[in-house]
Amino acid sequence: MTTAMNDISKRAKRIELLINPGKTLGPFRLGSSLWDVIQFLRERPVFFPSVELKYNRQDPFRSAFIVSLPNNGINLWFDGSLQRLKTIECFDPTKVKLVYQNSDVSSSRTIPTFLLIYKSFGPTYLGEFKAEQNLYTLNYPGLSFTFPIPQKYNHVYTNSSELPLEFPDGTTPIASKVYIFHSSSSNWQTVAPPYTSRILAEINEGKATKYGKLGRRELEVVVAKVSHGVTLYFPSVSPSSTAKSAHHSQSSSNAPASTTTSAGTTSVIGNTPTSNQKDSEGDDDTLANYRASTAYQEVDILLRVTAMQDILADLGKPSRVFYKEQDKMKIHSVADDGAIASKAGKGDAPLGLAKGGGDDERDLSSTNTATDYFLNYFHLGLDILIDGTDHVCKKIILHGNVPGHYDFQRYKRCPFKLVLPKDLVNGQQNPNKLLVDVESDPAEDGVPPHIVTADMKVTTMQNRIPWKSSNQITTKANDETQLEQQKPVILTRGPNEQNPFGSTYLTGYSEGIVMEVMKNGYVPAVVLF
């Protein structure tokens, strides 16, 4: 009886959502990450009792993610590659209370009729009528309403300049769906998420809202170099609030054009970097492309150089700290004559992945050996392995937050771009710096051949990486064009009851990179050492 009453109360719960065209619908803000939104929904099961995630299992980055809230009549559309909210769809306005400028648009007492919406939002341009779907769409900047039109009245609005304020029988159309999208586009289906810098500017305007503010820093892009490290780009709101980290000034020659200010800080002005914008030629040119339209903060984390104190100063307190009890991959470092092991450090092989969900753990039985430890930054999609003796960066793990992976939604998607030495082709010097011929792949469009992005499959990555792997793998059967294979290292995280997604594979290069590969060919994690 109690369970039945709880179910009834959940179904009867009607949440109130404020409409802010082109920006927000209630707590849902355009440009928010998939990771943040799902975390928000998890913490509020009373208001959002049912959550469904819909995606393309074979090609998750080629189409949109949809987070569906059937009890609330809402679909949240996310860009597949960026994993950021691009469209908010209210497919059943009767399940929520919609409010615009203190006036009800849809509620238990208010029906969202064409006349009411036109009165509430004011005049606009002539809408679009699709006779094959019997739908009329009324568009405002960043906002659209769809109205079903009875088929018997289709001829009235085909090639007509009249608004369907009222049908010939005296009734008025009722809105069936509401869409909120970025104001720069006139079509919710083709719209792209707003820039991260724009989101931060809106969040930090100083206006308190009933839903609170976002407190975590947002990454625009991560530029990584094999055996070198990563550069993190944090967009900021105003030039006065941004600073180039003074801890790592040794890499400033690779930074974008900048102006030096007092106290050794640097503010940068230029074009906004996004995953949709493609890099130009050359390593320095690639870095030079990442210039924010407003100022941004740039943080360098260098392998075997950057100290743990500097990482904490730049990135803040990690989400968790995990101490390595043992190195289960150490046995595989014996066969490579110590080449990989010497690079990664004593007693440590480069194939280890962080247990991001683990607590603060130590191996107390080994008192004479320093214990390495991971700094887990779930909200940045990063793990940083710190040497237990020298307390400097030893490895960096970049997480892709690929659906269908064991760690999905544990880490936010890291928007990384891996920059490879473009003067190397198949491990040999190329003095003429010729471009490499690679297979055609949608993820490669406009991307120079020395760049690897988080959207690419492992076969595309392997074609671009200029070195040979001792365990290179392929997801294509009977493909004679693939390099000679050896058996890959299999990574499993328990029986099917604990891990229904199955095992993954590890493939690596002694030059300083390891990739975890899923069965669909996508790479959920990249390790730099």
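The values are calculated or read from the model by the stated rules, or taken from the named source; none is laboratory data. These figures come from a predicted structure and were not determined experimentally. So basically every Cβ, Gly included, is an ideal-geometry build from the backbone, and we count neighbours across all protein chains shown.
Any residue in the stretch 62-74 that is farther than 25 Å from Leu41 by Cβ and buried (at least 19 other Cβ atoms within 10 Å of the Cβ)? First the steps, then the outcome.
Narrowing the stretch 62-74 to residues farther than 25 Å from Leu41 by Cβ: none.
No; the residues of the stretch 62-74 include none that is farther than 25 Å from Leu41 by Cβ and buried (at least 19 other Cβ atoms within 10 Å of the Cβ).
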Exactly one condition in (1) more than 19 Å from Ile15 (Cβ to Cβ); (2) surrounded by 21 or more Cβ atoms within 10 Å (Cβ to Cβ) is false for Gly122; which is it? (2)
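For the stretch 158-175, give me the residue count where each residue is touching a residue at least 12 places away in the same chain (Cβ under 8 Å), assigned to a loop (DSSP other than H, G, I, E, B) and not small (Gly, Ala, Ser). Talk me through it step by step, then tell me what you get.
Looking only at the stretch 158-175, we keep the residues that are touching a residue at least 12 places away in the same chain (Cβ under 8 Å), and these are 158, 160-161, 163-168, 172-175.
Narrowing the set further to residues that are assigned to a loop (DSSP other than H, G, I, E, B) leaves 158, 160-161, 163-168, 172-173, 175.
So of that shortlist, the ones also not small (Gly, Ala, Ser) come out as 158, 163-168, 172-173.
Number of matching residues: 9.
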Every pair of residues 6+ apart whose Cβ atoms lie under 6 Å, when the first sits in the stretch 33-52 and is without any contact (Cβ under 8 Å) to a residue 60 or more places away in the chain while the second is buried (at least 16 other Cβ atoms within 10 Å of the Cβ) and in a helix (DSSP H, G or I): Phe48/Leu41; Val51/Leu41
Any chance the stretch 39-46 includes a residue that's within 18 Å of Gly400 (Cβ to Cβ), modelled with pLDDT under 95 and surrounded by fewer than 18 Cβ atoms within 10 Å (Cβ to Cβ)? yes
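Sort out which residues of the stretch 384-409 are in a strand (DSSP E or B) and of a type outside the set (A, V, I, L, M), and write them in order of number.
Cys393, Lys394, Lys395, His399, Phe408
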May I ask you to list pairs of residues, at least six apart or on different chains, whose Cβ atoms are under 8 Å apart, with the first in the stretch 462-473 being at positive phi and outside any loop (DSSP other than H, G, I, E, B) and the second being surrounded by fewer than 17 Cβ atoms within 10 Å (Cβ to Cβ) and modelled with pLDDT under 85? none
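Inside the stretch 297-322, can you point out the residues that are in a strand (DSSP E or B), buried (at least 18 other Cβ atoms within 10 Å of the Cβ), modelled with pLDDT of 90 or more and not acidic (Asp, Glu)?
Val299, Ile301, Leu302, Arg320, Phe322
Per-residue answers, yes or no, for (1) acidic (Asp, Glu); (2) closer than 30 Å to Val156 by Cβ; (3) in a loop (DSSP other than H, G, I, E, B):
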| residue | (1), (2), (3) |
| --- | --- |
| Leu41 | no, no, no |
| Phe47 | no, no, yes |
| Pro60 | no, no, yes |
| Trp77 | no, no, no |
| Gly80 | no, no, yes |
| Thr94 | no, yes, no |
| Leu98 | no, yes, no |
| Ser120 | no, yes, no |
| Pro123 | no, yes, yes |
Inspect the stretch 492-502 for any residue being touching a helix residue (DSSP H, G or I) at 6+ places or on another chain (Cβ under 8 Å) and either at pLDDT below 80 or β-branched (Val, Ile, Thr) (or both) and give the result as yes or no. no
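Got a number for residues in the stretch 125-152 being part of a strand (DSSP E or B) and acidic (Asp, Glu)? Before the answer, list the steps.
To start, the set of residues in the stretch 125-152 that are part of a strand (DSSP E or B) comprises 128-130, 135-140, 143-148.
Narrowing the set further to residues that are acidic (Asp, Glu) leaves 128.
Count: 1.
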Restricting attention to the stretch 78-93, the residues that are modelled with pLDDT of 95 or more and surrounded by fewer than 22 Cβ atoms within 10 Å (Cβ to Cβ) number exactly 3
